[in-house]
1. Consider Val305 carefully, then state whether it is in a helix (DSSP H, G or I), closer than 17 Å to Ser12 by Cα and under 40 Å from the mean Cα position of the chain (by Cα).
2. For residues that are in contact (Cβ under 8 Å) with a residue 12 or more places away in the chain, out of contact with any helix residue (DSSP H, G or I) (no Cβ under 8 Å at 6 or more places or on another chain) and under 15 Å from Ile86 (Cβ atoms), tally how many sit in segment 220-278.
3. Can you tell me which residues in segment 194-227 are of a type outside the set (A, V, I, L, M), within 17 Å of Phe61 (Cα to Cα) and modelled with pLDDT of 90 or more?
4. Residues in segment 325-341: is at least one touching a Lys or Arg at 6+ places or on another chain (Cβ under 9 Å), at pLDDT 75 or above, buried (at least 16 other Cβ atoms within 10 Å of the Cβ) and among the charged types (D, E, K, R)?
5. Picking from Val318, Val378, Val303, which residue would you name as being in contact with a helix residue (DSSP H, G or I) (Cβ under 6 Å, 6 or more places away or on another chain) and of a type in the set (A, V, I, L, M)?
6. Any idea which of Gln68, Gln121 is modelled with pLDDT under 90, closer than 30 Å to Asn253 by Cβ and surrounded by fewer than 18 Cβ atoms within 10 Å (Cβ to Cβ)?
7. Would you check which residues across segment 229-270 are polar (S, T, N, Q), modelled with pLDDT under 85 and not in a loop (DSSP other than H, G, I, E, B) and list them?
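The values are calculated or read from the model by the stated rules, or taken from the named source; none is laboratory data. Computed from a predicted structure; not experimentally measured. We place every Cβ from the backbone using ideal geometry, glycine too, and count neighbours over all the protein chains shown.
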Amino acid sequence: MIQFVQAVHIASGSIRNSKLRSALTTLGIVIGVAAVIINASLGASFNQFFTDEVSSVGSNFIIAYSNQPNLFYDSELKIMENTPGILGVSPRKIVSGEISYLSDTKSVSVVGVNGDFQEIQGIKMEEGSFLTDKDIYSAVLGHDLAKEKFGRSISHRSTVDIAFRQENGTLVRKSFKVKGILENSKETIVGGDGSTDMIVYIPISTMNEMTGEQDYGAFFAMAESSESIGNISDDVDKRLARNFGIAERDIDNEDSKPYTVFDQEDVLKEVGALGDKLSSFLLILALISLFVGSIGIMNIMLVTVTERTKEIGIMKSVGYSNSNILSLFLLESVMVSSLGGLLGTAIGGFGAYILESALKLPPVFPFKLIEIGILVSVLVGVSAGLYPARKAANMNPVDALRYE
């Protein structure tokens, strides 16, 4: 029985004697394994990115949107506030308006909210403070709007004019004290008002007074815990359904309701499913590359068997068994693929870090990918080298010695 150390020595010698061929064979595995590592790491980073985006919208949020005008009023607000497990509720309504500072006027989106909105949405202030339920003619401005869009920077003690046009065409203009300036934000993929850099928050009671309306566009609420958010959201849905005379059997039918209720858990499930699909797609692309690399190993090993036919005949004539020959060629294949796996894992890890930094994704590298990369390369070496090794082992020694 051939010794393992001796088998390694023979296989290593064969690899060294065909440096270029071995290098090209290894390159296919390097590329394939690196692609698997990079794409798997990117998939994990995208999943983390989506989760962070949802979390940036707020903590344990529940949102009820009206699908038609004049649906939500104070009575629906009370229903939300009185639902067990709800810690805070803010109506939210967006209206196009104008903001004037000194002699300059800009068109903006004005958002009417109450004092609970800051905590529900996780809004951070750069200057001053957010609105409270006691404020009337106070405004909070987005960062870019306050600092870049006017000739002079607006501070949290400045005064601006905000105007709305009512349905009858009347322009209503009021002076507002700037109570606060928001931190510079970024566009998010979910929820709320996306980037808050170019919007204005004012008390929703003041907005309705100026526009001559009384309804609310949506309610943003915060549940007491992430563990109970699903049950609380369902309770909110049932209470609103009863309020609008919707039968309990139709609550799950979104087409039968004039409103939509969803929560942070629902959004996490949706973006999680999106992240999983993206990860699977990236992994399939990488596995195709690895499959091509494995075919390269099989092809090279078949060529090697053909070139070494006479050598195989000599080995058999001096006592090497079929299992010895099989082990030698299989070991050579595994050594080539394992080397490619190690290099591919290192390159893949570095490449994933570079790509995640370039795409501004959270740096997530599951270290189990190192084990997976090496294991996959070994499995590729075994599967790709098995047929050529069996072909070598099954050669007739007399025919092999006669081969030219």
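1. Values: in a helix (DSSP H, G or I): yes; closer than 17 Å to Ser12 by Cα: yes; under 40 Å from the mean Cα position of the chain (by Cα): no.
The answer is no for Val305.
2. Looking only at segment 220-278, we keep the residues that are in contact (Cβ under 8 Å) with a residue 12 or more places away in the chain, and these are 220-226, 228-233, 235-241, 243-244, 251, 257-268, 271-272, 274-276, 278.
Now narrow it down to the ones that are out of contact with any helix residue (DSSP H, G or I) (no Cβ under 8 Å at 6 or more places or on another chain): 225, 228, 231-232, 235, 237, 244, 258.
Narrowing further to those that are under 15 Å from Ile86 (Cβ atoms): 225, 228, 231-232, 235, 237.
Going through segment 220-278 one residue at a time, the tally reaches 6.
3. From segment 194-227, those of a type outside the set (A, V, I, L, M) are 194-197, 201, 203, 205-206, 208-209, 211-217, 219-220, 224-227; that's our starting set.
Filter again for within 17 Å of Phe61 (Cα to Cα), leaving 194, 217, 219-220, 224-227.
Within segment 194-227, Gly217, Phe219, Phe220, Glu224 meet the criteria.
4. No, segment 325-341 contains no residue that is touching a Lys or Arg at 6+ places or on another chain (Cβ under 9 Å), at pLDDT 75 or above, buried (at least 16 other Cβ atoms within 10 Å of the Cβ) and among the charged types (D, E, K, R).
5. Numbers: Val318 fails: in contact with a helix residue (DSSP H, G or I) (Cβ under 6 Å, 6 or more places away or on another chain); Val303 fails: in contact with a helix residue (DSSP H, G or I) (Cβ under 6 Å, 6 or more places away or on another chain).
Residue meeting the stated conditions: Val378.
6. On the way: Gln121 fails: surrounded by fewer than 18 Cβ atoms within 10 Å (Cβ to Cβ).
Being modelled with pLDDT under 90, closer than 30 Å to Asn253 by Cβ and surrounded by fewer than 18 Cβ atoms within 10 Å (Cβ to Cβ) holds for just one of Gln68, Gln121, which is Gln68.
7. Quick first cut of segment 229-270, residues polar (S, T, N, Q) only: 231, 233, 243, 253, 256, 260, 264.
Next cut, modelled with pLDDT under 85 only: 253, 256.
If the condition is that a residue be polar (S, T, N, Q), modelled with pLDDT under 85 and not in a loop (DSSP other than H, G, I, E, B), then Ser256 is the only one that fits.
Here's the yes/no breakdown for (1) touching a Leu at 6+ places or on another chain (Cβ under 6 Å); (2) part of a strand (DSSP E or B); (3) in contact (Cβ under 8 Å) with a residue 24 or more places away in the chain; (4) crowded, with 18+ Cβ neighbours inside 10 Å:
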| residue | (1), (2), (3), (4) |
| --- | --- |
| Ile62 | no, yes, yes, yes |
| Ser75 | no, no, yes, no |
| Leu87 | no, yes, yes, no |
| Lys106 | no, yes, yes, no |
| Gly112 | no, yes, yes, yes |
| Phe150 | no, no, yes, yes |
| Ser153 | no, no, no, no |
